[in-house]
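Nothing in this text is a laboratory measurement; each read-out follows from the coordinates by a stated rule. Only a predicted model underlies this, so the values are computations on that prediction, with no experimental measurement involved. Note: ideal-geometry Cβ built from the backbone for every residue, glycine included; neighbour counts use all protein chains shown.
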Amino acid sequence: MTLVSDQESAGPPPEGGISPAPSAPATGEPSLAELYLRTAHRIRRRSAPSYDQFGLTEAQARALRVISRYERPRMADLAQALEVVPRSITSMVDTLEAAGFVARQNDPTDRRATIVVLTEAGHEVLSRVGRMRAEAAEQLFGKLGTAEQTELRRILEILDAGEEPLPPRRGGSGRPHGRR
C-alpha cells in the first residue's frame, strides 16, 4: 500500500516537516481514511451481537461508555459528546433508565441541571459488552504481529491525544466534567 504518491514524495515536506496524507492513492487503492473506517466498521459489526444480547443499540452502548468515562455528565454535556440534540438524549436516557442501566440525579452544583450516573447494572452490562467488544477487536488485530500492534497503538494514541468529546463545564475548572 502506498501512502504518499510519487509526486508528493518528490518535493520537500511542508513547513513543520510533516507531509499530509493523500485523500486517495494514485493507484486507485482505498485511502487511509477509508481503510481506517472499514476497520472501525468491522469492529462495530463484530460487536453488534453483544449489544443485542443486552437489548442495547450501538448508540446506547456508546452513551454508556461516555457516561462511564466522565462519571457524572450533565444531560447537556452528554448530548454534546454524543453529537445529538438534547431531546434525543432525553429519550435515550429514558430508555437506559427504564432498563436499569442509568439513573438521573440533580446536579448538586446547579439545581437546574440533571446528571446521569451508571447504576450497578449499567456498570455490569458495560463491562460485559466491553469484554465482548475487546474480543472482536483482538480477533481483527490478531492479524498483526506484536510489533505492528505496538506501532498501530502508538500512532492511534498520537491521533487521539487531546481529543476530548465533552467540553469543560461552564464556569468550572476548565476540565471536562467528571475528571477530577
Revision key, fill the gap. In whole Hz, the Karplus estimates of ³J(HN,Hα) for the stretch 43-53 (6.51, -1.76, 1.60; θ = phi - 60°; x where Gly or Pro) are 5, 4, 4, 6, 7, 3, x, 5, 5, 4, 4
**Study point:** Cβ-placed point charges (K, R +1; D, E -1), dipole of the stretch 99-155 about Cα centre in debye, nearest 20
**Key:** 140
Revision key, fill the gap. Amide H contacts under 5 Å for residue 102, restricted to residues at least 5 apart in sequence or on another chain and with H modeled in the peptide plane, are 97, 119
Point to revise | Per-residue HN-Hα couplings for the stretch 104-113 [Karplus 6.51, -1.76, 1.60; θ = phi - 60°; Hz; x = Gly/Pro] | key: 8, 9, 6, 6, x, 9, 7, 4, 7, 9
